[in-house]
Amino acid sequence: MMTGKISDNRSVAPGHFLMRLRLPSSFATPAPGQFVMIRAAAQGEPLLARPLSVFDFHRYPDHCVLELLYRVAGRGTALFSGMRPGDEATVLGPLGRGFTLPAGIRRTLLVAGGVGVAPLHFLIRSGLPTVRGQSPGAATFYLGAKSRDLLTGVEGLGGRCDLRICTDDGSRGHCGPVTDLLKRDIDDCDPKETVVFACGPAPMIRVLEPLLKDTLIPCQVSLEERMACGIGACLGCAIAVGGPGRKTEYRKVCEDGPVFDLRDILPVAPFDSREGCI
Amino acid sequence: MIATSGENRGDSPNLSVTIGRLDLKNPVMTASGTFGYGEEYAPFIDLNRLGAVVVKGLSLEPRSGNPPPRIMETPSGMLNAIGLQNIGVRVFIDEKLPFLREFDTAVVANIFGETVDEYRRVAGILNGAEGVSAIEVNISCPNVKKGGIAFGALPELAAEVTRGVRGETDLPLIVKLTPNVTDITAIAAAVEAAGADAVSLINTLTGMSVDIETRRPHLANVTGGLSGPAIRPVALRMVWQTVRAVKVPVIGIGGIMTASDALEFFIAGATAVQVGTANFVNPTAVLKILDGIEEYLVRHKMADIAELIGSLKTG
């Protein structure tokens, strides 16, 4: 765990903030899709650190800079949004298993909704989809938000991929969900050479599964869940995995993920409201 | 070179304690369910420094645990309903214990079951396992043969489990008590009479939290176990009461986040402490607590932690 100093923490869209943290050089370079557990150094409450995906990362001769994009969703992120340059935060990470580029991929489709842009932004920035001599055009980024003022991370993507923007209210780009555009393009993709990387709200993830069902295109999706520790000890961040003919098991989002194969994860069942072992 | 006058210069205070027949080099343990099987924390801290590692609760067969959401943060604490997910006692022995054996730290196997027979069988399997220093029995689980009432809720049920496990093992036996009872000292006395070498308390307090927008509970299990600083005063009170009710050592657990929190428990009479939720907040917390206890003893010129244990001044 390391202590970093905030160099910048500003609102980039209503309710959305971008934090830049200066960290010692010994902080390990994150892989795209990895996350950190972050907590204000002076924080009493809330008690637990919050998991945030890496939005960008820069290494300099004597320090490094971690960028985190977050949406204010509760007490923890509300506290972060009030932090000022010079304030200190403790950072544990990088943690988890990120995205992997399967062999033989020539075309990358990135699908993000809202603040889900963060890990895919880092994926693009780190150049992962353009290894093996691909042109930037080989990556298509489907980026969606409720409205144009809630689109974040767009600036960093320019020139690195073919950007397709969607908004729910039509205030910019296609009017409708990102999956509309993906649906149009998916039939033209060779499943042996294509991969989908996704991160976004549950309804977006739920649409991806049937959309890709009849194709053989692999899809890696970054998930979030409440976490206490981030290192596999608390078992709090369980998600159900399985599939037809397979036993349902729980995996840890922090350690086995946060990136999972879309076809492995099971839809979240409504609460069964039982009382048992705790 | 200027000579310093402190009596403790070069002499660290003695932190070793004895829990029944279990000798610990220091009284700081990790609480079950908050420290995995130890290996999760090895990248962050030197496990050799710990008094003991208490591993995640083990059952006869593997358990997949409860559906998510499993945790929710609450004021000064958190609720969890993990559902005792674990790999099972045999896989623990084969796959996790060899790693823990490499360290000069006591390994306490926390066990649970749904019937007395299950408890006995898990204890019997652990009895022959090299590298297990003691068994901690979690009696907070529902007894499926007795309509789901927790073993730890009634003195006779708690004693029955303790006797059953006692009959299967020569290892030091710690019984971990639930606070969700009318009188924890009655349970403590019952397990002491049934052969427990020590008691540890408290386990989590049953709690609940609701999302008012969806009107759903925050946990899929509806209720969960509350841990963290929120429960510390309750835990401290119960430890203090229990110390006066039994002769066996009492291990204090409940919301210990700092050395000063731990010191309260020693002063109230705890022979050792377990650190739980703090491990989630900071993986190095347990070592900071250990260092802080030592510093306190030096500052108060105590040569042995025994001088502190039970030194509460009342009246």
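The values are calculated or read from the model by the stated rules, or taken from the named source; none is laboratory data. Source: prediction; values computed, not measured. With ideal geometry, Cβ positions are generated from the backbone for all residues, glycine too; neighbour counts draw on all protein chains shown.
For region A:208-239, which residues satisfy the criterion of being at the interface with another protein chain (Cβ under 7 Å from one of its Cβ atoms) and in contact (Cβ under 8 Å) with a residue 60 or more places away in the chain?
Restricting attention to region A:208-239, the residues satisfying the condition of being at the interface with another protein chain (Cβ under 7 Å from one of its Cβ atoms) are A:225-226, A:228-229, A:231-236, A:238-239.
Of everything in region A:208-239, those that are at the interface with another protein chain (Cβ under 7 Å from one of its Cβ atoms) and in contact (Cβ under 8 Å) with a residue 60 or more places away in the chain turn out to be A:228, A:229, A:231.
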Report yes if residue B:59 is under 23 Å from residue B:177 (Cα atoms) and in contact with a strand residue (DSSP E or B) (Cβ under 8 Å, 6 or more places away or on another chain), otherwise no. yes
Any pair with Cβ under 9 angstrom, 6 or more apart, that starts in region A:8-32 at a residue that is free of Cβ contacts under 8 Å to residues at least 12 places away in the same chain and loosely packed, with under 15 Cβ neighbours inside 10 Å and ends at one that is among the aliphatic types (A, V, I, L, M) and assigned to a strand (DSSP E or B): A:10/A:18; A:10/A:19
Restricted to region B:143-175, and to residues that are within 14 Å of another protein chain (Cβ to nearest Cβ) and surrounded by fewer than 17 Cβ atoms within 10 Å (Cβ to Cβ), which residue is nearest to residue B:190 (Cα to Cα)? B:149
Look at residue A:251 and say whether it is at pLDDT 90 or above, more than 8 Å from every other protein chain (Cβ to nearest Cβ), assigned to a strand (DSSP E or B) and surrounded by fewer than 20 Cβ atoms within 10 Å (Cβ to Cβ). yes
Would you confirm, using the coordinates I've provided, whether residue B:79 is within 14 Å of another protein chain (Cβ to nearest Cβ), of a type in the set (A, V, I, L, M) and touching a Phe, Trp or Tyr at 6+ places or on another chain (Cβ under 7 Å)? no
It is to be established whether one or more residues within region B:240-247 are of a type in the set (Ser, Thr, Tyr) and surrounded by fewer than 23 Cβ atoms within 10 Å (Cβ to Cβ). no
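Report yes if some residue within region B:89-98 is touching a residue at least 40 places away in the same chain (Cβ under 8 Å) and either farther than 18 Å from residue B:279 by Cα or of a type in the set (Phe, Trp, Tyr) (or both); otherwise report no.
yes
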Given the conditions (1) surrounded by fewer than 22 Cβ atoms within 10 Å (Cβ to Cβ); (2) under 22 Å from residue B:283 (Cβ atoms); (3) without any contact (Cβ under 8 Å) to a residue 60 or more places away in the chain, every one holds for residue B:64 apart from (2)
Residues that are among the hydroxyl-bearing types (Ser, Thr, Tyr): list the strands (runs of 3 or more DSSP E) wholly contained in region A:1-94 that include at least 1 such residues. A:2-13, A:50-53, A:64-71
So if I check each of B:235, B:262, B:268, which one is more than 15 Å from residue B:31 (Cβ to Cβ) and not charged (D, E, K, R)? B:268
Could you please give the count of residues in region A:28-54 that are more than 14 Å from chain B (Cβ to nearest Cβ) and farther than 16 Å from residue A:78 by Cα? 9
Take region B:189-227 and flag every residue that is more than 12 Å from every other protein chain (Cβ to nearest Cβ), surrounded by 20 or more Cβ atoms within 10 Å (Cβ to Cβ) and not in a loop (DSSP other than H, G, I, E, B). B:189, B:190, B:191, B:192, B:198, B:199, B:200, B:201
Residue satisfying condition, being under 19 Å from the mean Cα position of the chain (by Cα), within 14 Å of chain A (Cβ to nearest Cβ) and either buried (at least 18 other Cβ atoms within 10 Å of the Cβ) or closer than 30 Å to residue A:76 by Cα (or both), within set B:71, B:135, B:139: B:139
Given region B:105-188, what strands (runs of 3 or more DSSP E) lie entirely inside it while holding 3 or more residues that are touching a residue at least 40 places away in the same chain (Cβ under 8 Å) and in contact with a helix residue (DSSP H, G or I) (Cβ under 6 Å, 6 or more places away or on another chain)? B:106-111
